[in-house]
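The values are calculated or read from the model by the stated rules, or taken from the named source; none is laboratory data. Keep in mind that this is a model prediction, so the values were computed, not measured. Methodologically, a virtual Cβ is constructed for each residue, glycine included, from the backbone with ideal geometry; neighbour enumeration extends over all protein chains shown. These accessible areas exclude ligands, DNA and RNA; they are computed on the full protein's heavy atoms, side chains included. Shrake-Rupley method; radii C 1.70, N 1.55, O 1.52, S 1.80 Å.
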Amino acid sequence: MKAEKPVSTGMGYFMKKSVKNTILILLLITLGVSTVSLAYLHFLAADDKNLSGQWTAELDVTEQAAVTALGWLQEIEAVSLTLEDMESYMQNLTIEVNLTLEQSGRSRGTFQCSVLKESYDACRQEAYEAFAGAFRALLTKRLRMAGYTGSTEEAALEALAEEALGMSTVSYLMTCGPALLPSLEELQALYEGSGTYEIAEGILNREFAGDGAAAARRAERYIRKGTELILLEEMEKEDVDLTGHFFEQYPIVYMLKQDE
């Protein structure tokens with residue numbers, strides 16, 4: 001009589017096959033994930049090195065304008081005023097800077113950078129209108145302290161300014177007040193120019209052509225995050241001392257202009 005095959009032997013074979021299949025599946029999944037990760041890192045790295053496009057940054061000059069206006073008003077007015085008071089009048093004062101990068105090699109290309117004059121003019125006008133608002137508020141306090149009982153509405157104060165100064169409050173502050181913003185020429189000297197660029201190990205090296213740039217060479221550490229190009233710090237400075245310029249502070253965030 002033929003001996004029956006033990007049931008445990010069949011079960012053992014089935015278990016071994018199941019474990020083998022499970023291991024094979026896990027290996028295939030791991031391999032797939034690794035391939036996807038490597039592909040993602042490859043394209044991410046490629047995207048990080050390809051900076052081609054039109055980029056726009058907004059230089060925030062709010063703090064500089066507020067501090068300058070505050071100092072001037074405190075010198076001529078006998079009314080207390082804080083920086084927080086001035087900042088409540090001056091908000092979101094920005095100047096647009098455009099940077100165009102065109103890649104012509106694996107990690108190099110050409111660039112052109114410019115300060116948008118229309119943006120500068122609009123920012124300057126807005127800054128002095130805010131300055132005039134703070135000036136009128138202080139003028140109201142001074143008039144009340146002097147016993148003035150007439151109207152302190154904006155139109156009435158402007159009429160008084162026209163009579164006393166021969167011009168509007170905004171025109172007077174633009175003509176006789178402090179420079180709230182750096183001059184357009186100063187900003188152009190710092191930012192405008194064209195030439196070639198090269199990137200290596202997270203550093204953007206720009207070689208400026210001609211005499212219009214603030215430095216013949218500028219090396220800045222950068223990070224590319226999707227539609228953001230963030231210049232973190234300047235590694236080298238040549239031919240010019242940029243220390244102390246509020247608008248040279250880092251980081252500078254450029255946003256990529258998207259095609260509509």
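Points to keep in mind about this one:
- With the simple model of a label 7 Å out from the Cα in the direction of the Cβ, Glu198 to Ser168 spans 5.3 nm.
- When Ile95, Ile76 are compared by accessible area of protein heavy atoms, the largest-first order is Ile76, Ile95, using a 1.4 Å probe.
- FRET efficiency, 1/(1 + (r/R0)^6) with R0 45 Å, evaluated for Arg221 and Glu154 via beta carbons: 0.40
- In a fully extended conformation the segment linking Lys117 and Lys141 would gain 5.0 nm over its present Cα-Cα distance, using 0.36 nm per residue.
- Using a simple spin-label model with pseudo-atoms 7 Å out from Cα toward Cβ, Val253 and Ser183 lie 3.2 nm apart.
- Solvent-accessible surface of protein heavy atoms, probed at 1.4 angstrom with all chains present, puts Ser80, Ser88 in the order Ser80, Ser88, largest first.
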